[in-house]
Structures are given as C-alpha cells and as structure tokens.
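Contents: one structure, followed by commentary.
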Amino acid sequence: MSWNRVAVVGAGLIHMGELFDQSYEQMARGAFDAAVDSVDHGFDPTAIDAVFVATQRGTLWGQEGIGGNTIPSAIGLAGVACTRVENACPTGSDAFRVGCMAVASGVHDVVLVIGVEKMRDKSSDEGLLARAAAGHPVYTRGESAPVLFAPFATRHMHEFGTTREMLASVAVKNHHNGVLDPYAHFRNEVTIEQVLAAPPVCSPLHLLDCCPQTDGAAAIIITAPERAADFTDRPVFVAGFGVATDHPYLHEKSTYVGLPATVEASRRAYEMAGISPADVDVAEVHDCFTITEILDIEDLGFVEKGRGGVASLEGETVLDGRIPVNPSGGLLAKGHPIGATGIAQLTECWWQLRGQADERQVAIRNGFALQHNVGGRGSGVSVVNILTTNAS
Amino acid sequence: MSIAAVGVAAPEWRVPVASIDAAWGRSPGRGTLAVCRSDEDPLTLAWAAADRAVAAAGVAPSGIDGMWWGCTRPPFAEGPSWSTLAATLHLAPEADGALLSGSTHAGLDALLAAADAVAAGRVDTALVVTSDALLPATGTGHETSAGAGAAALLLRRDGGPARLVHTAHRWEPRLDRYRGDREPETRETYDGRLFREQAYLPMLGAVGDALLVDATDAGRWSLPDPDGRLARALAKRLRAGTTSAQDVAAADRTRLGDLGSAATLVGAAAALGSPGPLHLLGVGGGRATGCTVIVDAPVPGAERVTADLSGGEEVAYTRVLRSRGVLRPTGESVEMAVPPGSAMFGRGAGEMLGLLAARCVDCGTMNTPPDVHPTCISCGSTKFDVVPLGRTGTVQTFVVNRTMPSPFEAPLPLVVVDLDDGGRIQLQGGDDGAELSIGAPVDLVLRRYAVERGVPVYGWKVLTRRPVAGTDEEVTS
C-alpha cells in the first residue's frame, strides 16, 4: 500500500467527568485550547484548513441535528471546512482515520480532529440505557449497552474458565492507572473484593465492571510530515489504521468469545504498519466493560484466545507488564465520552511515545502505540490506529 | 360437528388470595389466583391454548380455515386483535371467523358460532379459542376472585371423538359484572345476592333443565363459578340428587380464579378425556347458554390438561400490582424508537408475529428477520424462502439485565438461542431467567413485548424447558 505519511503535532483533552457546568461548546473549546497549547513551537489556529468533528450521540445533548457546522464557531474558526463523522463507539478513532486520509491525500494541509460528547445532560435512564428501546422493536428490545458485551462474558467463562476475579482484575488495574492520570473521571483505587461486591448490572457484570457515563472532549492536530517541522521537533507519525465491520445482530455472531471486527481491523492496521502485535509497546483499548478488554487483548493478538482473563489477573497488562494496556485508566476509569474517547486514547498514545506520561509512563522499546475501539449494534464495527515514533 | 382436539393454558404466576386480603386488612380468604406477568394478556394465553390444541390435533395450521375467539378483554378494544392472533398461529390467509366479546358469555358465543360455521360447511376446520385475564379494580372484593386462563377446541364436521348435540338459551336484561366505555377495570356485580337470585341461578337453572329434558344421564357439568360458591348452589338446584358436587367442574376455581369467558371450556377440558355426556353452561351480559357434548372417546389433548394448568410460581401481591401497572415508577418511560403505527411495523408485523426467517435457497442459512436481510449473511445470496423458525432450541449464551429504565422491568433476561431445526435468534427471556444456563433446552413462547403509545406489541420470548409432570392418573383425577 502506498500512502503519504501523516504526523501528529499536537494533542490534548479536558478533565473527563460529569461536567455539569460545561456546555458541549465549552468542552470543545477546552480540548481545542489544550491541543493548540501542546504544539511545541506554538500554533496559529488559522493554519487549520479542515476540521473533522466526532460526536456519536447528538441526541444526548438535545441537538439531534448536529452536523459539521456546530464546532467551528465555538472554537473561533467559523468558515473552515468541517464534517461530522459518526461510527458508533469508534466515532473518535474513525474521525481521526478520516482526517489522516484527508492529509495523506494531499487535499488538506493541517487538520483538526476533535471529539466532543455530552453524556450527562441527561440522566442515565434517558441516556445510554434508553438505547434499550431503540433498534428493532422485538429482536433488539431491551438491548442496553451491557447486553452488547455481557453475553460474551457468559460464554468466555463457560469455554475458558474465565472468572469474575479475572474480570475484576481489569477494573483494579485501570482504576489504579486512573489515579495516575490527571484527566481521568475516577481517580480512586478499587480492590477485587469491591468489584465482586458491587451491585449487579447485567449478569455476569457488576457496577465496577462497567465504564461510567462521562462528559468530555479531546482534540488532535495532524499534518504532512514535511510540514510537521514547523510545529515540533518531536512529531509522532501514523503508522497504519484499519476499520472493519461485522453483522449487526447479536444472533448473527460467528463467535461469542471474540469480536471479529476487532480481529480484522487490527489485521489491516498491522499490515499497513508492517508490524506484528509483538512490536506494540503500549495499547489503549476499548474497555467499556471489563470483559471487553479481555476480548480485546486476545483479538488484537497480545495474548492467545482464551488467556485474556488469566493474563489480566497475572499482571501482563499493568504499566510495567509485558504489554501495558490502558495506562490512561481506560474507559473504566478515565471515562467514555463516546466521540471523544478515541481521540483521548490517541492523545495518551502520543504522550506515551513522546515520554510525557509522567508517573504512568511505560517503556517504549519499538516505538509503536496502538489505539482501539469497538462497538455499535452487535459490536459490529471496530477501528484500530497505530502511532509510531519512527519517521519511515 | 365434532371436537377433534383440546388445549388449555394459564399463566405460571399464582397469587395467594390471603396475601391480597392481608394488604387490605381483611380476614384471609382461601386458594390462589392465576395472574398474568406484565408480558402476558388474553392474546398470549389464547395463543398458548390454541397452539396446544393444534398440536394435539396434528393438523397443519394452514389447514385451519376459521377461528372464533371469545374474550371480554381483547388487547384492542378496537383494532387488529383477531388478525394478530391469527398471524401468531399461521392460519390460512383466507380464514373465516370472528372475535366475540361484550360479556363473559363470549366463550359460548365463540363455540356455537364456530360449530354453526362447520355444520353449514362454510369452514372445514375451525379453531374455538376462549381466553380471559380479568382486570379487577384494586382493593375491591373482585380482586380476590379474578383469574386468568384460556382454552381452545379444534372443530371438524364429523369423525371426531366428541360431538355437540344440543343447545339451550335464555336471556333477561340483568346487570352482572360490567365496565363502561373508557373504564379500564371490570366492576364487580352491584349486589352479589341479587345476581345470584335474579340472574345466575334462574337463568342457568332454566338452561340446565332444558338440556336435561331428553337426557338419560345427568352427566358432568362445566360452568362458571364467579365467586367460588355459585356453582355448588346451582348443582344442588339442577335435578337435586342426580348431580353431585364433584361432577361440577368449575375451571379449577380454587387455584386459577374466575376465568370469565374462558371458564366454561377450561373447566370442561379435562373431562373431554373420558367418555360420557358433558354439559357446558355459560353466562354473562344477561344471557345464559348451555350445550351438551357427547364424548365418545378421549379427545386428543385432554390428557395433558391437568399438567398444563398445574403451573404455580407463587408471587407476592406487590409483584402482581407491578405487572398490572398499578405500581409503576415515577418519571417518564422510554419510548420505542419506532412508533407501532409506522410503516416499519407494517413491513415487520407478519415476520415478528409469525417468527419468520428468510432461509437462503443456496446455503440454508436462516436470516432473521427477513425484511432487514436482503442478502444472506453466510453466502451473499439474494434468494430466500420465508419460513417459520422452529420454537425449540438450546441456550448459546445469555444475560440477565438488572438495570433497566421504565417501561422495562428488571430482571430482564436476553438469550441467544440455537434453534433445533437451524437458525439462531436473540430474544428476551419470558421469566426471571434464574434457570438459564448455556446448553439448557428452551422453548419460544408468544409474549407481549410492550404496550407502546397504547398499542400492544407482540413477539417471542425464551423459557427454560421444564419436565412435563402429566400422567393419566393426574389428568383424570
């Protein structure tokens, strides 16, 4: 595959949480300022010639008609080219991929990808739980978000002997990492016992197996490698990306112990980057529920299928483990403001590759960081982006 | 006109009468009442009884060319009640029939209307369905008698093991239980003694006497027993000395409660298993009707009647009030994304109610539901046969969701089922899901998924299969 490379020259986010005092637009402004401020040589926003906005659920903040023209005005760039990208939980990561293609094609020079999600202007019942009444009136009725993943936990436990303790170890690790991340929604440790004793949500998942509903925004600035020197001496490059889909109904899955969309999206990304899973130094993966991270690390090739629970319990994914996963705290601790999530994960990858992750910095050996989301009806869409310090 | 098969159904839930009395500070009454979960109603009960009758007869549903359904509470006061039930049963598209309602007399109305249509040669095979789930006003005495249940008969012109030989009618404009327009709950009789002396005993007594004019054998009786005492009083009156109390089958009154328009046929169902005359009496809305059935040989389906009515998960009164919508969480309910009046429901109604799949002509894969699958998920073919999915299978995986916004009721199981005859389907569980496990055998049953913007929406749910306890001894006791 021949494509023009893309460089990341700035990235930033706001402190995730229940941001009751901030509007959608104010969150966007905060993330935009953070990304601008992160550019090493300073940055004049008028250099941006295209914006891609990632917002998954316009309905959550009452503006169902949200489109490309919502953000530029809020960040002082009214008039700039702007397009909204929506692709379920991978909305932010796919907006980044689309932005990269805009740069790689040579059509656009400097691109802002900004993810914003207002999850908490509505109560939990009216927010993601209300999803239970969407879709097919019978065949998906009652399918609130945990139902997309909990059946995989039931089956994974049945086939591989995965235990609730193994699931809980994911929450314990990610909450620990969240304590070290100043942007995380939750900044408290939890114990295995606390996770096991939390109220049941959707069997076999309990409350601390689930990510919170979080407001947030994140932004990233990309450009062509030859232009990157104007902005920084330490750019990070896009090594590859992949998106893949699967059938949308839960009863159409070829397996209930893995997510084929993740397997295929990562295969495409690895091939584009010319690397294998063993080359990845750090990964930010989609841990909307504890079981999801266990499926992810198997589907992404970090551990053998079926070993995800054991590997988590044995510490293979902690900050100084064999393959550190979710150093930012992941969706479980940092939060899951859907459109912003992927871009916040990419920001963490950018910091990790540049050695700016402070207490949660992991060892960078090969110079590759992987970012991943999966979701949508039947968890049928996945996006993987791979960043690298290697210029070529 | 002959009876070819019989089937019955009742909800699993039983609420002790004493628990209702306790909530209202009354002295405790005896017995239990069959009550609906929030996803059961007279239509789902009608389906269950009819499905069993059809199975017992061993006929193809497409060969059933008429259905007469008697019910005081069809799911739509005005609307597609009859056609919705027909779709769940896969009746012949040209099927004749009627929905009879208006009073508890509707059960006998349905039986005789179907019998007439068969006798006249208008239909070959007729389904008679009677079902009811009485909705009493909360806190009234009526609440300690109202039950739920259904019975169905399959009628043919001749050759069946039982035959209808005689009918009798009386009418008097008497007010018994009633409900006016815009009233959701059925009112109890104004004065129980008045009803007994002026309506129930004289009218049913006269009809019973008429049936016995030419009879040599007083036989067995099935009649409604609204308060648990009237049937016994009537039995004494009907040819005192020839009809003993144990010959009166009052629809298992002490365990199921008053079954309204379904009471007579539910009460008669088990008796169709043994030869002899059987007198059926119905009353309601100022009418009384009786008919005599001569059972020449056991009617298929009668042998499992006792087992099918023997369910019995005891539930608390508060759970009943919740399922009835009396206890409901404050705040807004989440609306279904697609309004039931929309074109999507028109496209999807047949396949949702009929549990239809698009079977790929090239590779056999079942694509469900058909209207969102123009392309086979396995091989990419675009050629399909639309067929009903089988209703038995095993659990591939499942969850029990305990965190649900209104109008959903937790715990709510969701189950992925591998169907025995091919295909896989994701559906809600039809109970609390406590018995679900991977690999467990399950059955699909019709349930009400929602009442959306006032419209009942039906689909199929998953129940873990339990061993059938029925034996000949139990049935004939």
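The values are calculated or read from the model by the stated rules, or taken from the named source; none is laboratory data. Because the structure is a prediction, the values reported are computed rather than measured. Because the Cβ atoms are built from the backbone with ideal geometry, glycine has one as well, and the counts that use them run over all protein chains shown.
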>> Restricting to the range A:356-380, give me the number of residues that are more than 21 Å from residue A:324 (Cβ to Cβ) and in contact with a Cys (Cβ under 8 Å, 6 or more places away or on another chain).
In response: 2
> Residues B:341, B:311, B:331: which one is of a type outside the set (D, E, K, R), under 30 Å from residue A:140 (Cα atoms), more than 14 Å from every other protein chain (Cβ to nearest Cβ) and in a loop (DSSP other than H, G, I, E, B)?
Replying inline: B:311
> Can you tell me which residues in the range B:344-364 are farther than 20 Å from residue B:460 by Cα and assigned to a loop (DSSP other than H, G, I, E, B)?
Replying inline: B:361, B:362, B:363, B:364
>> Condition first: buried (at least 22 other Cβ atoms within 10 Å of the Cβ) and part of a helix (DSSP H, G or I). Can you find one or more residues in the range B:134-143 that meet it?
In response: yes
>> Can you find a residue that is within 30 Å of residue B:137 (Cβ to Cβ) and buried (at least 19 other Cβ atoms within 10 Å of the Cβ) anywhere in the range B:374-381?
In response: no
> Got a number for residues in the range B:374-423 being touching a residue at least 12 places away in the same chain (Cβ under 8 Å), among the hydrophobic types (A, V, I, L, M, F, W, C) and over 22 Å from residue A:248 (Cα atoms)?
Replying inline: 1
> Does residue A:355 satisfy the criteria of being closer than 18 Å to residue A:116 by Cα and part of a loop (DSSP other than H, G, I, E, B)?
Replying inline: no
> How many residues are over 17 Å from the mean Cα position of the chain (by Cα) and assigned to a loop (DSSP other than H, G, I, E, B) if we restrict to the range B:425-467?
Replying inline: 15
> Which of (1) under 30 Å from residue A:114 (Cβ atoms); (2) crowded, with 20+ Cβ neighbours inside 10 Å does residue A:257 not meet, given it meets every other one?
Replying inline: (1)
> What is the residue count in the range A:215-250 for residues that are farther than 19 Å from residue A:9 by Cβ, surrounded by fewer than 24 Cβ atoms within 10 Å (Cβ to Cβ) and away from every other protein chain (no Cβ under 13 Å)?
Replying inline: 3
>> Given the criterion surrounded by fewer than 24 Cβ atoms within 10 Å (Cβ to Cβ) and either free of Cβ contacts under 8 Å to residues at least 40 places away in the same chain or touching a Pro at 6+ places or on another chain (Cβ under 8 Å) (or both), identify the matching residue among A:150, A:134, A:145.
In response: A:134
> Going through the range B:184-200 one residue at a time, which ones are more than 14 Å from residue B:140 (Cβ to Cβ) and among the basic types (Lys, Arg)?
Replying inline: B:193, B:196
> Yes or no: residue B:422 more than 11 Å from every other protein chain (Cβ to nearest Cβ) and assigned to a loop (DSSP other than H, G, I, E, B)?
Replying inline: yes
>> Can you report the number of residues in the range B:292-349 which are hydroxyl-bearing (Ser, Thr, Tyr) and either surrounded by 14 or more Cβ atoms within 10 Å (Cβ to Cβ) or within 23 Å of the chain's Cα centre (by Cα) (or both)?
In response: 6
> Of all residues in the range B:432-467 being small (Gly, Ala, Ser) and under 26 Å from residue B:90 (Cβ atoms), which is nearest to the other protein chains (Cβ to nearest Cβ)?
Replying inline: B:459
> Within the range B:18-62, restricting attention to residues that are closer than 19 Å to residue B:263 by Cβ and of a type in the set (Gly, Ala, Ser), which residue is nearest to the chain's Cα centre (by Cα)?
Replying inline: B:46
>> What are the pairs with Cβ atoms under 7 angstrom where one residue, in the range A:193-214, is within 14 Å of another protein chain (Cβ to nearest Cβ) and under 17 Å from residue B:432 (Cα atoms) and the other, located anywhere, is assigned to a loop (DSSP other than H, G, I, E, B) and of a type in the set (Lys, Arg)? Sequence gap at least six, or different chains.
In response: A:200/B:402; A:201/B:402; A:202/B:402
> Can you name the residue in the range A:142-181 that is over 22 Å from the mean Cα position of the chain (by Cα) and β-branched (Val, Ile, Thr) and, of all such residues, is farthest from the other protein chains (Cβ to nearest Cβ)?
Replying inline: A:163
> Quick one: in the range B:384-408, which of the residues that are among the hydroxyl-bearing types (Ser, Thr, Tyr) and within 11 Å of chain A (Cβ to nearest Cβ) is surrounded by the most Cβ atoms within 10 Å (Cβ to Cβ)?
Replying inline: B:397
>> For the range A:12-28, check the following and say yes or no: at least one residue is modelled with pLDDT of 95 or more, more than 20 Å from residue A:236 (Cβ to Cβ) and small (Gly, Ala, Ser).
In response: yes
>> Suppose the filter is in contact (Cβ under 8 Å) with a residue 60 or more places away in the chain and not in a loop (DSSP other than H, G, I, E, B); does residue A:318 pass it?
In response: no
> Give me the pairs: first residue in the range B:336-355 and at positive phi, second residue in a helix (DSSP H, G or I), beta-carbon distance under 9 Å, and six or more apart or on different chains, which are they?
Replying inline: B:355/B:88
>> Restricting to the range A:112-131, and then to whatever is of a type in the set (A, V, I, L, M) and more than 9 Å from chain B (Cβ to nearest Cβ), can you tell me which residue is surrounded by the fewest Cβ atoms within 10 Å (Cβ to Cβ)?
In response: A:128
> Out of (1) part of a loop (DSSP other than H, G, I, E, B); (2) over 15 Å from residue B:39 (Cβ atoms), the odd one out for residue B:408 is which?
Replying inline: (2)
> Among (1) buried (at least 20 other Cβ atoms within 10 Å of the Cβ); (2) touching a Pro at 6+ places or on another chain (Cβ under 6 Å); (3) of a type in the set (Lys, Arg), where does residue A:5 come up short?
Replying inline: (1)
